[in-house]
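Here is the structure we will look at.
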Amino acid sequence: MKRYRLSVCKGSSCKAGGSDAVAQAAREELSARSLQPRCELYRGGCYGFCHMGPNVVIREETGRKRDPLSPEDYQLMGWEGEAYYSHMTPEKMRRVVAEHIAQDKPVIELFGHPEEAEG
Ligand code: FES
C-alpha cells in the first residue's frame, strides 16, 4: 500500500487565494476516509508558482532520506511519484484525496503546468 505526504502551500499568495480552506478540506477528507495512516498532511511552500495557487504537492513516501533543509517543502523536485496540483479549491482537494490518496490514482486533469504559465 502506497504512502503519501500532501503539502498545501502556506505562502502568502496561496493563503490569500484560500489555501487554508484547501488544507482544511484535505484534513477533513483524510479523516472521513480514515486515510491518515497513509497520508501525512503538511504545510509547505512557497513553491514559486504563486500566480497558480493555491498550490498542492503530493509525493509518494518511498523511505528516501530527508535532506535536513527539506528543499521538497518549497520547490518541485521532479521526483518520480511527485504530483503538482494548481488552482486548488476545497472541492478539488476532496476529489484529489478520494482518487489520488484513496485509490492511488493521480488526478492528471488537475495537474499544474508551471512551465506553461509564466507571465
Ligand atoms: S505562495 Fe504558494 S507558491 Fe508562492
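Among the residues making up the stretch 25-59, those that are part of a helix (DSSP H, G or I), away from the ligand (no atom under 16 Å from the Cβ) and surrounded by fewer than 17 Cβ atoms within 10 Å (Cβ to Cβ) are Arg27, Glu28, Ser31, Ala32, Gln36, Pro37, Arg38. Considering the stretch 12-21, the residues that are over 13 Å from the mean Cα position of the chain (by Cα) and under 26 Å from Arg38 (Cβ atoms) include one that is least open to solvent (accessible area, probe 1.4 Å), namely Gly18. Checking Pro114, Pro106 one by one, the residue that is farther than 19 Å from Leu41 by Cβ, surrounded by 11 or more Cβ atoms within 10 Å (Cβ to Cβ) and touching a residue at least 40 places away in the same chain (Cβ under 8 Å) is Pro114 and no other. Answer yes or no as to whether Tyr4 is within 12 Å of the ligand (Cβ to nearest atom), of a type in the set (Ser, Thr, Tyr) and surrounded by 16 or more Cβ atoms within 10 Å (Cβ to Cβ). So Tyr4 does not fit the description; no. Consider the stretch 53-81 and keep the residues that are modelled with pLDDT of 95 or more and not β-branched (Val, Ile, Thr). The one that is farthest from Ser19 (Cα to Cα) is Glu60. Within the stretch 69-102, the set of residues being surrounded by 18 or more Cβ atoms within 10 Å (Cβ to Cβ) and in a loop (DSSP other than H, G, I, E, B) comprises Leu76, Ser86, Met88.
The values are calculated or read from the model by the stated rules, or taken from the named source; none is laboratory data. Note that this is a predicted model, so its numbers are computed, not measured. Please note: Cβ atoms are built from the backbone with ideal geometry, for glycine as well, and neighbour counts cover all protein chains shown. These accessible areas exclude ligands, DNA and RNA; they are computed on the full protein's heavy atoms, side chains included. Shrake-Rupley method; radii C 1.70, N 1.55, O 1.52, S 1.80 Å.
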